[in-house]
Amino acid sequence: MTAFFHRQNGALAVEQVPLARIAAEFGTPTYVYSRAALTSTYEAYAAACKGRRARVQYAMKANSNLAVLQVFAKLGAGFDIVSGGELLRVLAAGGDPRKVVFSGVGKTEAEMALALSHDVRGFNVESVPELDRLNAVAGRVGKRARVSLRINPDVDAKTHPYISTGLKGNKFGVAFEDVMQTYRTAAALPHLEVTGIDCHIGSQITEVAPYLEALDKVLDVVEALAREGIDLEHIDVGGGLGITYDDETPPDITGFATTLLERVAARGHGHREVLFEPGRSLVGNAGALLTTVEFLKPGAAKNFCIVDAAMNDLARPAMYEAYHRIEAVSPRSDAAVTYDIVGPVCESGDWLGRDRALAVQPGDLLAVMSAGAYGFVMSSNYNTRGRAAEVLVDGDQVHLVRERERAEDLFRNERLLKD
């Protein structure tokens, strides 16, 4: 529980709004976000950046709802994007494209041209073929593309293997032993301007040590490049700081960011701008998924609490065996029963929580907590299920920021055969 998701007279509320009120007005499943929580986490990073050459680039793949992007844009955030579609979302939300960094291993020519047409801050490039493609596209449109190289430092982030990105076996970044030659290649290409270096070692990281290990390797490269006359303007330290889902104890955001900035300064690089790319740590605990109990199904080996949210709404448990705390919105005084919380999708992997002790009855509301990151953005229409509604709470105001999809929305672009 946080200061923003809390209990009022025993019932769960977000800021000043009972979750039961949201369910009554908008139905379930519904994602619920707290504007105050989004602002609080952003300001925790901003506090460390104040008075330094440092800024926050929100990694919007974690949650790309336009209203969420709008909140961060108004706070002054830049954005880390991984597709042309995400750039268009930034623009639709009122974000400044000159504060956008374009990451990702598979940028198409069309995406590169789109980003160049909007004068994005730069590209995090991950391979020599990508350098060659970007150079060609930039030349074709009469631009010089600002580039950083994302390096792979071979540092173990000590996280789930699916969200580890900084090891030799991961698809991301330039192999550490190839970094110097790749920078030389980039510097020699006529339509590129080398401006920085980038490193991102994974997600849901709960220790500072892997960051410092990777950062020291990055700074070694910066210094080696300077000796060759390639002087970088910025250092992108990536994101990936974890949150508390269960009993994790990630570092305080301001303290974490300050530690990295102090290491940069101690190595003599305080004059270079430092970019942070947080995603989950900004939005994860700012959201919850609200769902209704449909049936209670006792079994010989398991008891099942069947709800109207499913793996298509929240993929993380099925994909990563991820843990999300699940709470009754209005607890009962009945004796708790241990259930697996499952959805109606026709897959055995359709579960949201296992072995949870709850006192519930059909019609009760449950809140799947810490669902603000990698929740709605990873949802699908499997089983022809419309994706959930999204609402954003601001004090005592509730704003519908995405309507629930209807079945006819899902096949509107399909066509029957003529005969």
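The values are calculated or read from the model by the stated rules, or taken from the named source; none is laboratory data. Given the structure is predicted, the values throughout are model-derived calculations rather than measurements. Glycine gets a Cβ as well: all are built from the backbone with ideal geometry, and neighbour counts include every protein chain shown.
Okay, here's what the table says:
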quantity	calculated
Unique match (being closer than 21 Å to Val17 by Cα, modelled with pLDDT of 95 or more, out of contact with any Leu (no Cβ under 7 Å at 6 or more places or on another chain) and surrounded by 18 or more Cβ atoms within 10 Å (Cβ to Cβ)) among Val391, Val398	Val398
Residues of region 323-342 that turn out to be at pLDDT below 95 and within 25 Å of the chain's Cα centre (by Cα), as a count	0
Failed item, numbered, when Asp313 is tested on (1) touching a Gly at 6+ places or on another chain (Cβ under 8 Å); (2) crowded, with 23+ Cβ neighbours inside 10 Å; (3) closer than 30 Å to Arg146 by Cα; (4) not hydroxyl-bearing (Ser, Thr, Tyr)	(3)
Unmet criterion (only one of (1) crowded, with 19+ Cβ neighbours inside 10 Å; (2) closer than 22 Å to Met319 by Cβ; (3) under 20 Å from the mean Cα position of the chain (by Cα)) for Val345	(3)
When residues of region 302-321 are limited to those that are within 17 Å of the chain's Cα centre (by Cα) and at pLDDT 95 or above, the one farthest from Asp355 (Cα to Cα)	Asp313
Number of positions in region 323-353 that are in contact with a strand residue (DSSP E or B) (Cβ under 6 Å, 6 or more places away or on another chain) and closer than 14 Å to Tyr245 by Cβ	5
Some residue of region 277-292 being farther than 30 Å from Leu365 by Cα, in contact (Cβ under 8 Å) with a residue 24 or more places away in the chain and assigned by TED's automatic domain parsing to the domain that holds Ser40	yes
Lone qualifier among Ala322, Ala389 - being within 23 Å of Gln204 (Cα to Cα), in contact (Cβ under 8 Å) with a residue 12 or more places away in the chain and not assigned by TED's automatic domain parsing to the domain that holds Glu248	Ala322
Filtered residues of region 93-144 (kept if outside any helix (DSSP H, G or I) and of a type in the set (Lys, Arg))	Lys107, Arg121, Lys143, Arg144
Residue match in region 204-224 (condition: under 19 Å from the mean Cα position of the chain (by Cα), farther than 24 Å from Met180 by Cβ and not assigned by TED's automatic domain parsing to the domain that holds Glu193)	no
Failed condition for Glu405, given (1) in contact with a strand residue (DSSP E or B) (Cβ under 7 Å, 6 or more places away or on another chain); (2) surrounded by 15 or more Cβ atoms within 10 Å (Cβ to Cβ)	(1)
Boolean, Arg412 is of a type in the set (Lys, Arg) and touching a residue at least 40 places away in the same chain (Cβ under 8 Å)	no
Whichever residue in region 229-261 is β-branched (Val, Ile, Thr) and either part of a loop (DSSP other than H, G, I, E, B) or not assigned by TED's automatic domain parsing to the domain that holds Gln204 (or both) and, among such residues, is surrounded by the most Cβ atoms within 10 Å (Cβ to Cβ)	Val237
